[in-house]
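Shown next, in C-alpha cells, is the structure this report addresses.
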Amino acid sequence: MEFNNTDIPDCYLITPFSHSDDRGDFVKFYNADAYAKNDLNFEIREIYYSTSKKNVFRGFHFQVPPSDHTKIVNCFTGSIVDFVLDLRVKSLAYGKCISLNLSAENKHAVYIPKGCAHGFLSLEDNTIVSYLQETVYDPKADSGILWSSVDIPYEINEPIISDRDQEFPSLQQFKSPF
C-alpha cells in the first residue's frame, strides 16, 4: 500500500495492494496497520456508497465541527474525477481544489482530512463510489460549497447536480469553522 502526497496537506492518493489473475482481482484498500505506519489514525465509523450516471457531479460535501470527519473515498465500478477542496483557514492550500482520477481500473483511493470538502464527477454510467468515514452522519452538521464557485482544475460541461447541491453557499460566502 502506497501513500502519495497531494498538493493539499494531509490529503493522500492511496495505491492499495492488489493481485490479479485468471479469476479476477483481489484489492486490499484499507489496512489499519499500514495507515498507522503513515501516522494516519483512522477508525471506520460508517460506510456509504453511491451509484451515479455519467456526468453526475456530487459535492462539495463536508460536515462542520464537532461532527467533521476524515474520509477515504474509492471507486469500485466505473471512473470519476475526484475533487478535494481545502477549507482549513490556516492551511497553505486554503481555497485550493485538486483533482484525482479514481477508477475500478487504477484501484486508487483518496484520504481526505478533516476540514476539506469532497466532490466528484462521474465519467461513466453505473459508477459506484464508496466512502469510509470516521464519524457517523449528522444531518445538523451537513454542509457544502457550491461547485461552480470553486476553481475546479477540470472542465465540467453540463453536469447533473441535485437541487440540494445547487443551493450551497459559494466559496466566497462561506465562513470556515476549520
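Computed from the coordinates by the stated procedures, all read-outs in this text should not be read as laboratory data. The model shown is predicted, which means the values in this text are computed figures rather than measured ones. A quick note on method: Cβ atoms are made from the backbone with ideal geometry, for glycine too, and the neighbour counts reach across all protein chains shown.
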Next item on the list: Could you work out the relative contact order of the chain, using alpha carbon pairs under 8 angstrom and six or more residues apart, expressed as a whole percent?
Entry: 29 percent
Notebook entry, point to check: For the pair Ala104 and Ala34, what calculated FRET efficiency results from E = 1/(1 + (r/R0)^6), where r is the Cβ-Cβ distance and R0 = 25 Å, to the nearest 0.05?
Noted result: 0.75
Check: Which of Phe83, Phe29, Phe120 moves most in a GNM of the chain, Cα contacts under 10 Å?
Finding: Phe29
Notebook entry, point to check: Using the alpha-carbon centroid of each, what span in Å lies between region 160-176 and region 79-134?
Noted result: 17 Å
Note to self: Against the empirical 2.2 N^0.38 Å scaling, what ratio does the C-alpha Rg of the chain come to?
What the structure shows: 0.99
Notebook entry, point to check: For the chain, with only Lys/Arg (+1) and Asp/Glu (-1) charged at the beta-carbon, what is the dipole magnitude about the Cα centre, in debye rounded to 20?
Noted result: 380 debye
Item checked: Highest-MSF residue in the chain out of Gln133, Gln166, Gln63 [GNM, Cα springs under 10 Å] -> Gln166
Checklist line | Lys/Arg +1, Asp/Glu -1 at C-beta; the chain dipole; positive extreme among Asn157, Pro177, Leu146 | finding: Pro177
Checklist line | Long-range HN-HN contacts of Val56 with modeled amide H, under 5 Å | finding: Ser122, Ile160
Check: Applying 1/(1 + (r/R0)^6) with R0 = 45 Å to the Cβ-Cβ distance of Asp142 and Phe17, what FRET efficiency is obtained, to the nearest 0.05?
Finding: 0.85
Next item on the list: Compute the length gained on full extension between Asn5 and Ile160: take 0.36 nm times their separation in residues and subtract their Cα-Cα distance, giving the result in nm to one decimal.
Entry: 52.8 nm
